[in-house]
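Just below is one structure, and these are the notes that go with it.
The values are calculated or read from the model by the stated rules, or taken from the named source; none is laboratory data. Because the structure is a prediction, the values reported are computed rather than measured. Here the Cβ positions follow ideal geometry from the backbone for every residue, glycine too, while neighbour counts run over all protein chains shown. In case anyone asks, the SASA skips ligands and DNA or RNA and just uses the protein heavy atoms, side chains included. Shrake-Rupley method; radii C 1.70, N 1.55, O 1.52, S 1.80 Å.
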Amino acid sequence: MEGVYAFCVGVLTTCGIFLTLRGRTFSVVMGLTLLSYAVNLFLFASGRLKMNSAAVLGQSASYTDPLPQALVLTAIVIGFAMTAFVVILAMRSYADQGSDHVDGRIPQPSTSVYRPLKRGQ
Amino acid sequence: MNLLWIVLLPLLGTMVPLLTDRFGRSICALSVAILPAWALLLVFMNLGEVFDGQVIRQTIDWIPAMGLQLAFRLDGLTLLFLLLILGIGLLVILYARYYLSAKDSMGRFYAYLILFMTAMVGIVMSNNLIQLWMFWELTSISSFLLISFWSHKSDARKGARMALTITGAGGLALLAGLLMIGNIVGSYHLDTVLASGDLIRAHAAYPVVLILVLLGAFTKSAQFPFHFWLPHAMAAPTPVSAYLHSATMVKAGIFLMARFYPVLAGTDLWFMIVSLTGLATLLLGAYIALFKHDLKGLLAYSTISHLGLITLLLGMNSDMAAVAAIFHIINHATFKASLFMAAGIIDHESGSRDMRKLNGLWKYMPYTATLAMVAALSMAGVPLFNGFLSKEMFFVATLNQSMLGSLSWIVPLLATVGAAFSVAYSLRFIHDVFFNGEPIGLPKTPKEPPRYMKVPVEILVTLCLLVGIFPGYVVEGLLNVASYAVLAGELPEYNLAVWHGFNIPLFMSLLAMAGGLIIYYNRRHLFQFQSHFEEPDAKHIFEGVIQSIVQFCQKTVATLENGSLQRYISLLFLMTLVMAAGPLLGLHENTGSRSEIPLDGIALTGAGVLILSAAATVFWHRSRFIALLFLSVVGLVVSLIFARFSAPDLALTQLAVEIVTIILLLLALFFLPQSTQKESSPSRLSRDLLVSALIGGVIGTISYAILTSPLDTISDFFLANSKTGGGGTNVVNVILVDFRGFDTWGEITVLGIAALGIFKLMARMRLYVPISDEKARPWSNDPHPMILEMISQSLLPLALLVSAYIFLRGHNLPGGGFIAGLITSVAIIQQYIAHGVKWIKPRLKIDYQWLIAGGILIATFTGLGSWLVGRPFLTTWFDHFHLPWIGEFELASAILFDLGVYLTVVGATMLILANLGKLTTSERFDIRGHD
């Protein structure tokens, strides 16, 4: 189970980072959201995986570690505030710059897409 | 024990002039003088003990955890400097009252001046190296403010910047040196350091320490080759020059050398560096001073020369020379401060400082002229004035050294040459200004200054004479205790007297005077000779260097920062990869000893859905709506993961947040383009994929290693004390509202700030509202379907009830303020979606900003409440009660705190979503920021 969990965290991180590296604000926002899932799961993992043992006293025989849960709980809410802030920032940038590119302007094609091959490449 | 107050009083005094500025100039000056005078009185109260040879100490814990203390000491050397700083400081306050014109802001000037005074007092009284350094830097900063006081003048700004750069750079070197000393000795306490001289001198790093500390001292005391900032600092008002650049700040470097004399001196290296630097500075300063036409320029180079003399004396490694150095500190401070003040009077009353214009002022201001001439004669080292005494001691010291082996005779010769130039420029000061014909083209007719402007000069000149004629009575005691503190041991035999009989030093003095006369008489030839050399302008060179550094930095920044966010992020991630993957490469085992939970079908299905939908989000990320749907699937699976692994609170929170987030992103998508064009090149795509896959691999590996290693946690404390200490059985919630309540309190504050920031960003956002989607399909013409309206309306009470239930049970079962707040928000948002803003507006009159503020305030006051009963911030109170019919129940202050959390969450979420939703409707113009 642990291996699958770790693999999922890895996949979420990969997808999140890939999207954050895109050039449009909305992709970056989605990337950040994926990344924050990954981070929350990663932090949650520090309490190890345990089933049927919620940290509610008197409800089960042994309890899981409640501390990472408390940290992740606030992290989820703060993560929402951050996502919201970035989204609104993206909208504001689109409104003010007229483009939803992360740099506020679209780079010239010659520098990004159709770069001629240099010698040695 | 009142040492702290000696520092504190001037510090408080910094505020005084700002308050009394409006009551007129005299009252302002008077009020400014009170606190330093009080501090001086405190110094005098300790006089007896210090003269008995005691060192008075006072230590107050500052940051005990780091071993930092506020430590003060008062010994002979400190006493001497305190008298100079506070005494001359008071005279300068009086002088500045008359010097400053009505246009200058007197309050600001005095505030800077007293700040500087505090810094100097702090340096000399510090008994801790780090503390000493902090005050040292404060002198650099306050002197920057003082030099640039007339900030409309380019000279003043450039001079101030130069002084700050040079002394600030020296300060950094000094910090490094002091840290190394602290490292060698194992303590930053000055007492300990002063007692470990042998340890430091024997240490392998001694040369480095010495050079670093001396860099600090030499830059501050304007020693060659760092001397060039001092003449440019003369752009400051003259009281500043009299105070900082003759009596105190430039002496801070000298003080540093004297303070560390028992620790650093006594080696050949000290001897070579300090004495040769001093000698070079002495000669250079004396020579250049003669050619300066500006009165203050002459005095500035003369100061450099005299500072060189003191440095040379300290560098000779002889007790006698050290005593002479201390003596010259006193003498130089008195005659040079009075000369600067006299120069200021001349400038003030005649409108010029140019000695080519100033001639024959004797006729106009005989009284000031007399005072200035006495001080100048003292500077020249003429008998019966105090400068003579220390100069004689200096000559004796040069005769008793063997610096240069068999060439040592050259030192007394050079000393005599320096003294001759000193006589020559003093003569020039007297003759050119007060005699030598008539003034040429002065802007106004010179006259005597106001009566009280002369008082400080009179006092200082009287001191020059008293010390010069009765040295044994006036200064010997002070000199003894100060020298005792520097030498930290036996004092050498010396005799302060005007007349020592016919000996070589006297002969050298006579020779210097005759030489000075000859040089001055033949000055035309010298001036002509000097005019062949182009005078290097330190300011141009310095500015050039600064400009080229700035250009280099700009170029570097421009290469690194090209304005592309994608580039920054990829650099950031690459660095993360390097930092995180590096240590992993050395690790051979990534599986711990913890036994793994066996896989089952549910887990595999969940993992499959998660991975597929994450991949689908990426794959279809250019069709944004589809990607968003897959993103929401990921969020739901994450919430299921939490539910499965015993985290019901997290599952509930994640579920609620997921809904809110997706609604938010859908709203945003309404305005933003709904698809993305293909624009990344294949090479870029593969690069990004590689970087993100590598980081994902690293993170996955780390989390696998964590998951399989045995758990070692501090949570047993929380589990054990949750019920007894926090009064709740849901440990996660008790941690949030009690054990780590302070964190939560900070967290909701951040949430509130983020919401307010978003609100501000939305105000005046000019967004075009699309009338159709990208494929030109118009929006539905029934924005509020009736079925949705009906269902959501009837769901509202139910949803609110659920949220109240979740909130109330939160302390003992999964739930709590965060989750309840989110559920309430979702319920309200549903109403917005179903009915629209227009319908909601008259029915729901809640100001969400007030909700946020109220929530944070409730949480804060709950926390503060525990202070009333003498407990730390946010200590929970709870008790059990019994009511008829209802039965046993529990009341805890934590629920009040949780209420604050609840209100803040509702307020923040609604402020964001309701206002964003409003943008899509005709109510959009109601959103206003407070600007």
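Overview of values
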item: Probe 1.4 Å, protein heavy atoms only - accessible area per residue of chain A in square angstrom; result: 38 Å²
item: Value of relative contact order over the range B:74-161, rounded to a whole percent, pairs C-alpha under 8 Å and six or more apart; result: 24 percent
item: Accessible area buried between chains B and A, both sides summed, probe 1.4 Å, in Å² to nearest 100; result: 8900 Å²
item: FRET efficiency, 1/(1 + (r/R0)^6) with R0 22 Å, evaluated for A:Leu43 and B:Thr749 via beta carbons; result: 0.55
item: Net charge of Cβ neighbours under 15 Å - reference B:Leu736; Lys, Arg +1; Asp, Glu -1; result: -4
item: Solvent-accessible surface ranking, highest first, for B:Leu230, B:Leu404, B:Leu851 at 1.4 angstrom; result: B:Leu404, B:Leu851, B:Leu230
item: Sites matching chymotrypsin sites (Phe, Trp or Tyr not before Pro) across the range B:592-650 that sit in DSSP coil, with at most 16 neighbouring C-beta atoms within 10 Å; result: B:Trp620
item: Among B:Phe149, B:Ala337, B:Met355 - extreme Cα towards positive end, dipole of the protein assembly as shown, charges at beta-carbon; result: B:Met355
item: Label-to-label distance, nm, for residues given as B:Cys553 and B:Met134 (7 Å Cα→Cβ offset); result: 2.6 nm
item: Computed log₁₀ I(q)/I(0) - Debye formula, equal Cα scatterers, no solvent, chain A, q 0.13 Å⁻¹; result: -0.70
item: Heavy-atom accessible surface of the protein assembly as shown: percent carbon and sulfur, 1.4 Å; result: 68 percent
item: For the protein assembly as shown, convex hull volume per residue from C-alpha positions, Å³; result: 262 Å³
item: Residue-averaged beta-carbon neighbours from other chains (10 angstrom radius) around B:636-648; result: 6
item: Heavy-atom SASA rank of B:Tyr99, B:Tyr364 (probe 1.4 Å, accessible area, largest first); result: B:Tyr364, B:Tyr99
item: Under 5 Å, built H, 5+ apart or other chain: amide partners of B:Asn128; result: B:Ala71, B:Leu190
item: Interchain or long-range residues, amide H under 5 Å from B:Asn730's placed H; result: A:Leu57, B:Asn812, B:Leu813
item: For the range A:69-97 versus the range B:680-758, the gap between their alpha-carbon centres in whole angstrom; result: 16 Å
item: Accessible area per residue in Å² at 1.4 Å probe, computed on chain B; result: 43 Å²
item: Probe 1.4 Å - accessible area at B:Leu857, Å² to nearest ten; result: 90 Å²
item: Cleavage-rule hits (GluC sites (Glu not before Pro)) in the range B:416-524: DSSP loop, at most 10 neighbouring Cβ within 10 angstrom; result: B:Glu490, B:Glu493
item: Point-to-point label distance, B:Lys723-B:Leu491, nm (Cα→Cβ direction, 7 Å offset); result: 7.8 nm
item: Within 10 Å of each Cβ in B:609-616, the average number of Cβ atoms from other chains; result: 4
item: Within the protein assembly as shown, helix-based [θ] at 222 nm, where runs of 4 or more DSSP H residues each add -39,500 (n - 2.57), nearest 500; result: -22000 deg cm²/dmol
item: Sparse-neighbourhood loop sites, chymotrypsin sites (Phe, Trp or Tyr not before Pro) in the range B:757-799 - DSSP loop, at most 11 other Cβ within 10 angstrom; result: B:Tyr768
item: Estimated FRET transfer efficiency when R0 is 56 angstrom, pair A:Leu89-B:Gln793 (beta carbons, to 0.05); result: 0.95
item: Contact order relative to length of the range B:342-437, as percent, for alpha carbon pairs under 8 angstrom and 6 or more apart; result: 41 percent
item: Occluded residues from the range A:41-60, i.e. those whose accessible area drops by 50 Å² or more once the chain is not alone (1.4 Å probe); result: A:Leu41, A:Phe42, A:Phe44, A:Arg48, A:Leu49, A:Met51, A:Val56, A:Leu57
item: Angle between chain B longest axis and helix B:206-220 axis [Cα atoms, degrees, rounded to 10]; result: 80 degrees
item: ³J(HN,Hα), Karplus 6.51/-1.76/1.60, whole Hz, each residue of the range B:331-340, x for Gly, Pro; result: 5, 5, 4, 6, 6, 6, 4, 5, 5, 4
item: Additional length obtainable on full extension of the chain from B:Ala580 to B:Ser709, 0.36 nm per residue less Cα span; result: 44.6 nm
item: Shielding of B:595-603 by partner chains, average beta-carbon count, 10 Å; result: 3
item: Set of aspartates and glutamates near B:Lys841 by C-alpha distance (under 18 Å), chain-local residues within fewer than 8 positions excluded; result: B:Glu789, B:Glu923, B:Asp926
item: Greater than 19 Å apart at Cα, pairs in B:Lys153/B:Lys454; B:Lys357/B:Lys444; B:Lys220/B:Lys336; B:Lys760/B:Lys918; B:Lys103/B:Lys296; result: B:Lys153/B:Lys454; B:Lys103/B:Lys296
item: Equivalent ellipsoid dimensions for chain B as semi-axes, Å, which come from the Cα gyration tensor, largest first; result: 74, 32, 30
item: Fully extended contour minus Cα-Cα distance, from B:Leu571 to B:Glu438, at 0.36 nm per residue; result: 40.6 nm
item: Computed accessible area, B:Asp743, all protein chains, 1.4 angstrom probe, square angstrom; result: 60 Å²
item: Sequence ranges B:181-193, B:806-818, ranked by mean other-Cβ count within 10 angstrom, highest first; result: B:806-818, B:181-193
item: Helix B:848-868 axis, angle to chain B major axis (alpha carbon atoms, nearest 10°); result: 70 degrees
item: Inter-label distance for B:Ser686 and B:Arg108, nm, one decimal - labels placed 7 Å from Cα along Cα-to-Cβ; result: 6.3 nm
item: Relative contact order [Cα under 8 Å, 6+ residues apart], chain B, whole percent; result: 8 percent
item: Debye, to nearest 20: dipole size of chain A, +1 on Lys, Arg Cβ, -1 on Asp, Glu Cβ; result: 520 debye
item: Listed peptides B:63-69, B:798-804 by packing density, highest first (mean Cβ within 10 Å); result: B:798-804, B:63-69
item: Helix B:451-469 vs. chain B, principal-axis angle (Cα, 0 to 90°, nearest 10); result: 60 degrees
item: Extension gain, B:Lys775 back to B:Leu883 (0.36 nm per residue minus Cα-Cα distance, nm); result: 32.4 nm
